[in-house]
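*Asks:* Could you have a look at this structure, given as structure tokens, before my questions?
The values are calculated or read from the model by the stated rules, or taken from the named source; none is laboratory data. Since the structure is predicted, the reported quantities are computational estimates derived from the model, not experimental observations. In this analysis, Cβ positions are derived from the backbone assuming ideal geometry, glycine residues included, and neighbour counts consider all displayed protein chains.
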Amino acid sequence: MLLLVDHLALRARSYEYLVRLFEEWEAHRNLSQLPNFAFSVPLAYFLLSQQADLPDQELGPTREKASLLLRQALTMFPGVLMPLLEYCSVRPDAAVAGHHFFGPSAEISQPPALRQLVSLYLGRSHFLWKEAATMSWLEENVREVLRAVDAGDPAVGECESRRKVLYQRAPRNIHRHVILSEIKEAVAALPPDVTTQSVMGFDPLPPPDTIYSYTRPERLSPVSRGNTIALFFRSLLPSYTTEGERPEDGGAEGLDRNQGLNRLMLAVRDMMATFHFYDPEAPHEAHAEGDGEWD
């Protein structure tokens with residue numbers, strides 16, 4: 001749920017709900033360590049500051065809170081910026097594209113689990129950043145982050161250390177969510193041990209302690225007696241079952257079955273003996289009474 005609820009809240013324009021969820025759960029769930037929350041929450045603050053009915057005394061603090069959280073997100077997840085701009089068909093500034101912090105190495109050096117989370121977020125929510133006002137706000141904060149990086153801000157090194165420790169391997173439930181999302185970029189980032197195993201489309205990667213409420217009953221193979229034709233005729237009998245005859249069946253019941261089968265085979269044999277096949281190419285004998293000319 002935590003990988004999707006922020007997207008749904010922004011789509012529904014429930015910005016206050018997303019902000020409240022983040023404020024109440026951040027202390028014990030560390031939501032800011034998820035790229036989707038790290039970028040969606042500042043976006044929610046920014047969109048709140050764009051609303052016309054927001055009081056003037058709240059406009060400044062809301063906008064400043066949005067910028068602060070966005071700079072923290074860019075510092076923690078620098079590999080998000082370039083793919084996001086590419087999704088939005090925006091060409092980055094030369095100073096940004098050529099900087100080592102946001103350059104290609106930022107995306108390549110991401111741990112595998114973090115790459116999956118970033119691909120999942122961008123594939124699902126990139127279009128929320130396409131507005132011109134949002135892009136201008138993003139550009140302002142990117143430049144602020146670059147100034148902090150060039151100034152040797154210690155927060156940059158701390159974020160890099162946390163990335164290496166926290167995102168070594170995603171748990172199984174995240175892999176399951178990625179498969180169900182059907183976002184091709186996120187699915188392509190799954191580890192080989194997940195992509196090479198067969199999964200059910202309706203229940204991919206179930207938990208190891210899953211309790212199955214239904215088990216398919218074992219099918220008993222029929223016991224073949226005699227040849228295939230005899231087995232076919234036996235299947236025409238009303239008393240025939242899918243389990244077939246058991247070797248232990250005997251007595252009067254088995255005798256009745258054999259007698260019924262024999263009678264059926266004799267009836268079919270007599271019926272086939274009376275079949276006459278019409279050959280159109282065979283010469284026909286002239287009818288005795290049909291000779292002569294028609295008047």
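*Asks:* Return the total of residues in region 183-201 being within 9 Å of the chain's Cα centre (by Cα) and farther than 16 Å from Leu117 by Cβ. Working first, answer last.
*Replies:* Step one: list which residues in region 183-201 are within 9 Å of the chain's Cα centre (by Cα), which gives 183, 187, 201.
Restricting the remaining residues to those that are farther than 16 Å from Leu117 by Cβ gives 201.
Counting residues in region 183-201 that are within 9 Å of the chain's Cα centre (by Cα) and farther than 16 Å from Leu117 by Cβ gives 1.
*Asks:* Being over 23 Å from Lys130 (Cβ atoms), within 26 Å of the chain's Cα centre (by Cα) and exposed (fewer than 13 other Cβ atoms within 10 Å of the Cβ) is the filter here, so list the residues in region 1-31 that pass it.
*Replies:* Met1, Asn30
*Asks:* It is to be established whether one or more residues within region 268-286 are surrounded by 10 or more Cβ atoms within 10 Å (Cβ to Cβ) and at pLDDT 75 or above. Spell out how you get there, then give the answer.
*Replies:* Taking region 268-286 first, the residues surrounded by 10 or more Cβ atoms within 10 Å (Cβ to Cβ) are 268.
This time we only want the ones that are at pLDDT 75 or above, so: 268.
Yes, the conditions are met somewhere in region 268-286.
*Asks:* Out of the residues in region 38-51 that are hydrophobic (A, V, I, L, M, F, W, C) and within 14 Å of Leu122 (Cβ to Cβ), which is surrounded by the most Cβ atoms within 10 Å (Cβ to Cβ)?
*Replies:* Phe39
*Asks:* Mind counting the residues in region 131-163 that are in contact (Cβ under 8 Å) with a residue 12 or more places away in the chain, under 26 Å from Leu2 (Cα atoms) and either surrounded by fewer than 13 Cβ atoms within 10 Å (Cβ to Cβ) or in contact with a strand residue (DSSP E or B) (Cβ under 7 Å, 6 or more places away or on another chain) (or both)?
*Replies:* 1
*Asks:* Only residues that are part of a helix (DSSP H, G or I) and hydroxyl-bearing (Ser, Thr, Tyr): list them for region 8-28, please. Steps first, answer last, please.
*Replies:* Looking only at region 8-28, we keep the residues that are part of a helix (DSSP H, G or I), and these are 8-11, 15-28.
Across region 8-28, the qualifying residues are Tyr15, Tyr17.
*Asks:* Related question: Can you find a residue in region 80-102 that is surrounded by fewer than 12 Cβ atoms within 10 Å (Cβ to Cβ) and within 34 Å of the chain's Cα centre (by Cα)? Write out each step before concluding.
*Replies:* Looking only at region 80-102, we keep the residues that are surrounded by fewer than 12 Cβ atoms within 10 Å (Cβ to Cβ), and these are 89, 91, 94-95, 98, 100.
Filter again for within 34 Å of the chain's Cα centre (by Cα), leaving 89, 91.
Yes, region 80-102 has at least one match.
*Asks:* For region 53-70, does any single residue satisfy the condition of being in contact (Cβ under 8 Å) with a residue 24 or more places away in the chain and more than 18 Å from Glu144 (Cα to Cα)?
*Replies:* Taking every residue of region 53-70 in turn, none turns out to be in contact (Cβ under 8 Å) with a residue 24 or more places away in the chain and more than 18 Å from Glu144 (Cα to Cα).
*Asks:* Can I ask one more? His126: surrounded by fewer than 17 Cβ atoms within 10 Å (Cβ to Cβ) and at pLDDT 95 or above, yes or no?
*Replies:* Answer is yes for this residue.
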